[in-house]
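Trainee: Sharing a structure, written as structure tokens. Questions coming.
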Amino acid sequence: MTEIGSALDPQRQEQARRYARQRRLLYLLDLLFGAAYVLAWLLTGLSTALTSRLEALFSSPWLVVGAYFSLFLVGYGVLGLPLGYYAGYILPRRYGLVTQSAGGGLADQVKAGMLGLFLGLVAVEGVYWLLRVAPGSWWFWAGLAYWGLTVVLTNLAPVLIAPLFYRFTPLQDAELAARLTRLAEEAGTRVRGVFTFNMSSKTTAANAALMGLGRTRRIVLGDTLLARYSPDEVETILAHELAHHVHRDVPLGIAVSAGETLVGLWLVNIALQAGASALGFRGPQDVAAFPLLALALGIFGLITMPLGNAYSRWRERMADAYALRATRNPRAFAGAMAKLANQNLAEAEPARWVEILFYTHPPIGQRLRMAEEREGKG
């Protein structure tokens, strides 16, 4: 244990390791369940039979696609509810990370499912319209539409999506608000206020973020963060978030994601063309082949996940370095990281393979050593 990282709680770290192992097991079970569900629709004839039934009921392809996707997603949600509820509520509650009631947790899961259904319907209807009108280039136009939708959702998240789950109020600590606003101005980032949100109504974990784009950009701090962290520690956490805007990580990330999506959809198009013919579907535009599309997208996402995580860790290290330079307070940075590890049950020293496969941020242990090196340089 390094001197600067001595605030890590050994008992909490042991709990973090157990919690992380159980979450990885649940992640694997979720993958297996998803694959089994998609293959069941694809290989048992259920998908073809349902499509035939819907086409007999509706003359509009829009209604056929909407009804099919709704039934597919609702079935997945209902059958996967026990596993999702255990992973999202029961297990973290067992480790003291959840303060929400069982009913509240279920309500949030239903709200998230409804939001996912709405956004999924928009996306799927768009994809199948493109498959009908531009079967050879649908993947390209779908990739461009994904880019536009990502920009819109990033912009609207603070004002439309996040309030569905949390209550946001202006930060009452005027001195801290002014300090954080000044830090944002020094970073060349204009914000529309500093807000706190009621994380404690759902969890004991802490977090802070810079949400939105342009006129919706704002600083948001969890009340669990304000309750336990010093102003210096809050400042260094925010400096990390500001670094993403200084380094233009948000537009860069959207561009990288859009490029990855274009490649993925191009490969999915190849798989869909070949698979639809081999499995007896009427073509890629046949909604009965949707499980094949979903399976191809899932495999591509799983294969590229380590690459995306590596990119993310690189940008997060840059943000850490910026925070240490901007605040010139490695002690506060290290204190904040150690508290986050203790409070959020973050494993400080995961195995290398775990880091490569699952971590979007550098492990806490690495971040503490970065702070120690900065302090050693004076």
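The values are calculated or read from the model by the stated rules, or taken from the named source; none is laboratory data. Small disclaimer: the values here were computed from a predicted structure and weren't measured. Neighbour counts are summed over all protein chains in view; Cβ atoms, including those assigned to glycine, are modelled from backbone coordinates with ideal geometry.
Trainee: Report whether or not Leu262 is in the same structural domain as Pro330 (by TED's automatic domain parsing), in contact with a Gly (Cβ under 7 Å, 6 or more places away or on another chain) and not hydroxyl-bearing (Ser, Thr, Tyr).
Mentor: It is true that Leu262 is in the same structural domain as Pro330 (by TED's automatic domain parsing), in contact with a Gly (Cβ under 7 Å, 6 or more places away or on another chain) and not hydroxyl-bearing (Ser, Thr, Tyr).
Trainee: Out of (1) crowded, with 16+ Cβ neighbours inside 10 Å; (2) out of contact with any His (no Cβ under 6 Å at 6 or more places or on another chain); (3) within 27 Å of Arg248 (Cβ to Cβ), the odd one out for Asn342 is which?
Mentor: The failed condition is (3).
Trainee: Just the residues that are part of a loop (DSSP other than H, G, I, E, B) and in contact with a strand residue (DSSP E or B) (Cβ under 7 Å, 6 or more places away or on another chain), please, taken from the range 152-200.
Mentor: Residues satisfying the conditions are Tyr166, Arg167, Leu171, Val191, Arg192, Gly193.
Trainee: Any residue in the range 102-118 that's over 18 Å from Pro92 (Cα atoms): show its pairings with residues that are of a type in the set (Val, Ile, Thr) and exposed (fewer than 13 other Cβ atoms within 10 Å of the Cβ) at Cβ separation under 9 Å, as long as the two are six or more apart or on different chains.
Mentor: As it stands, the answer is Gly113/Val74; Leu117/Val74, since those pairs meet every condition given.
Trainee: Does the range 121-140 contain at least one residue that is assigned to a helix (DSSP H, G or I), farther than 24 Å from Ser47 by Cβ, in contact (Cβ under 8 Å) with a residue 12 or more places away in the chain and more than 16 Å from the chain's Cα centre (by Cα)?
Mentor: Scanning the range 121-140 turns up at least one residue that is assigned to a helix (DSSP H, G or I), farther than 24 Å from Ser47 by Cβ, in contact (Cβ under 8 Å) with a residue 12 or more places away in the chain and more than 16 Å from the chain's Cα centre (by Cα).
Trainee: Return the residues of the range 255-278 that are closer than 24 Å to Thr150 by Cα and in contact with a helix residue (DSSP H, G or I) (Cβ under 7 Å, 6 or more places away or on another chain); say none if nothing qualifies.
Mentor: Val256, Ser257, Ala258, Glu260, Thr261, Leu262, Gly264, Leu265, Trp266, Leu267, Val268, Asn269
Trainee: Based on what the data block shows, is Gln11 in a helix (DSSP H, G or I) and either free of Cβ contacts under 8 Å to residues at least 24 places away in the same chain or under 20 Å from Leu295 (Cα atoms) (or both)?
Mentor: Yes.
Trainee: Please go through the range 161-181 and give me each residue that is in contact with a Phe, Trp or Tyr (Cβ under 8 Å, 6 or more places away or on another chain) and either surrounded by 13 or more Cβ atoms within 10 Å (Cβ to Cβ) or on the phi > 0 side of the Ramachandran plot (or both), ordered by number.
Mentor: Ala162, Tyr166, Phe168, Leu171
Trainee: May I ask you to list the residues in the range 293-309 that are closer than 16 Å to Ile254 by Cα and of a type in the set (A, V, I, L, M)?
Mentor: Met305, Leu307
Trainee: Just one of Ala134, Ala142, Ala184 is surrounded by 13 or more Cβ atoms within 10 Å (Cβ to Cβ), outside the structural domain of Pro231 (by TED's automatic domain parsing) and either within 21 Å of Ala255 (Cβ to Cβ) or touching a Lys or Arg at 6+ places or on another chain (Cβ under 9 Å) (or both); which is it?
Mentor: Step by step, each of Ala134, Ala142, Ala184 is checked, and only Ala142 is surrounded by 13 or more Cβ atoms within 10 Å (Cβ to Cβ), outside the structural domain of Pro231 (by TED's automatic domain parsing) and either within 21 Å of Ala255 (Cβ to Cβ) or touching a Lys or Arg at 6+ places or on another chain (Cβ under 9 Å) (or both).
Trainee: Search the range 345-356 for residues being outside any loop (DSSP other than H, G, I, E, B) and out of contact with any helix residue (DSSP H, G or I) (no Cβ under 6 Å at 6 or more places or on another chain), and hand back the single one that is surrounded by the most Cβ atoms within 10 Å (Cβ to Cβ).
Mentor: Residue satisfying both the conditions and the ranking: Glu355.
Trainee: Just to be sure, is Val220 outside the structural domain of Thr99 (by TED's automatic domain parsing) and modelled with pLDDT under 95?
Mentor: yes
Trainee: Which of (1) surrounded by fewer than 19 Cβ atoms within 10 Å (Cβ to Cβ); (2) assigned to a helix (DSSP H, G or I); (3) under 22 Å from the mean Cα position of the chain (by Cα) does Arg331 not meet, given it meets every other one?
Mentor: With (1) surrounded by fewer than 19 Cβ atoms within 10 Å (Cβ to Cβ); (2) assigned to a helix (DSSP H, G or I); (3) under 22 Å from the mean Cα position of the chain (by Cα) applied to Arg331, the lone miss is (3).
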